[in-house]
Amino acid sequence: MKLLAGISLLCVAGLAADDSELVKARDRQDRPALEKMAAELRVIAEQQSKDAAAQYRFALAESYAAEVAAETRDKNATRNAAQAGIDAAERAVNLKPDSAEYQRLLGTLCGQIISSNSLAALKYGNCALNAVNKAIELDPKSSMAYLSHGVGNYYLPPALGGGMEAAINLNPKNAEAWLWLGIALRRANQEQDARKAIAQSLELNPNRAWAKQQLDKTPAL
């Protein structure tokens, strides 16, 4: 059961300058750069073990590393990065349980580790669903939380599980929501609408390598 696999689950708006570098590395699928930044953030997180934000930023870097590893079909790297991220995200949530973003990221990471090994769903399935649901409860206007929910539904029957549309309605400039809407539409054999959605994603974020790859995989009528 692949919940929330291979997705980008970061709200680009409001990022710190250093976090924007994570986004750029994710977009170009630059694994060495992501691994370097994650290692640096790990040191900071270890030095600031009671700082929820430090734990979150390390977890965020590992989530991006897991995402790109999944996109490039490296299951071992996906698992390792996701596990490191889960440990940090759990610390962040324990320090600040009322943060919708911390809950969302924890759910995302649990989904990412499942994507590397379906048997991990027995251990992490509840985390993947419950943490994202908690994020929506804490912030019902979070476009990214609804995106996370929608991508999770994509991997559960029925494929087109909702959430992407809500994410877009809350934030029409959410490039990741448009990307995943297109992927879901393609799976539902709605190729023309799928291409439009993925093209919209690329218009919003033309540097996203995986979106370009998904557009290439979507038949043009």
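First measure r as the distance between the Cβ atoms of residue 43 and residue 173, then evaluate 1/(1 + (r/R0)^6) with R0 = 35 Å and state the FRET efficiency to the nearest 0.05.
Computed FRET efficiency for residue 43 and residue 173 comes out at 0.55.
Using only Cα atoms, tell me the angle between helix 121-138 and the longest principal axis of the chain; keep it within 0 to 90° and round to the nearest 10.
The two axes meet at around 90 degrees.
Quick one: helix 75-95 against the long Cα principal axis of the chain, what's the angle to the nearest 10°, folded into 0 to 90?
For 75-95 against the chain, the angle is about 60 degrees.
Under a Cβ-only charge scheme (Lys and Arg +1, Asp and Glu -1), can you give me the dipole magnitude of the chain about the Cα centre, in debye to the nearest 20?
Using only the charged Cβ atoms, the result is roughly 460 debye.
Between residue 96 and residue 119, what is 0.36 nm times their sequence separation minus the Cα-Cα distance? Round to one decimal in nm.
5.3 nm is the gain from fully extending residue 96 to residue 119.
Quote the accessible area belonging to residue 144 in square angstrom, nearest 10, computed with a 1.4 Å probe and with ligands, DNA and RNA left uncounted.
10
Determine ³J(HN,Hα), in whole Hz, for all residues of region 48-53 in sequence, where each value follows from phi through the Karplus function 6.51 cos²θ - 1.76 cosθ + 1.60 and θ = phi - 60°; x replaces Gly and Pro.
With coefficients 6.51, -1.76 and 1.60, one gets 10, 5, 9, 9, 4, 5 Hz.
Let me have the relative contact order for region 42-196, percent, based on Cα pairs under 8 Å that are six or more residues apart.
Computed value for region 42-196: 15 percent relative contact order.
Under the rule a/c < 1.5 gives rounded, and otherwise a/b versus b/c splits prolate from oblate, where does region 40-120 land using the Cα gyration tensor?
prolate
Among the lysines, which have Cα under 16 Å from the Cα of residue 173 when same-chain residues fewer than 8 positions away are ignored?
141, 196
What nm value, rounded to one decimal, do you get for the distance between residue 75 and residue 126 when each label is placed 7 Å out toward the C-beta?
2.5
Using only Cα atoms and rounding to the nearest 10 degrees, what angle (0 to 90) does helix 175-187 make with the longest principal axis of the chain?
Approximately 50 degrees, to the nearest 10.
Students often get this wrong, so try it: which of [x] 54, 33, 32; [y] 112, 53, 37; [z] 74, 45, 31 is Cα extents along the principal axes in Å as calculated from the structure shown?
Checked against the structure: label [x].
The values are calculated or read from the model by the stated rules, or taken from the named source; none is laboratory data. From a predicted model like this one, the values you see are computed outputs, not experimental measurements. Neighbour counts are summed over all protein chains in view; Cβ atoms, including those assigned to glycine, are modelled from backbone coordinates with ideal geometry. Remember, those area values only see protein heavy atoms, side chains included, never the ligands or the DNA or RNA. Shrake-Rupley method; radii C 1.70, N 1.55, O 1.52, S 1.80 Å.
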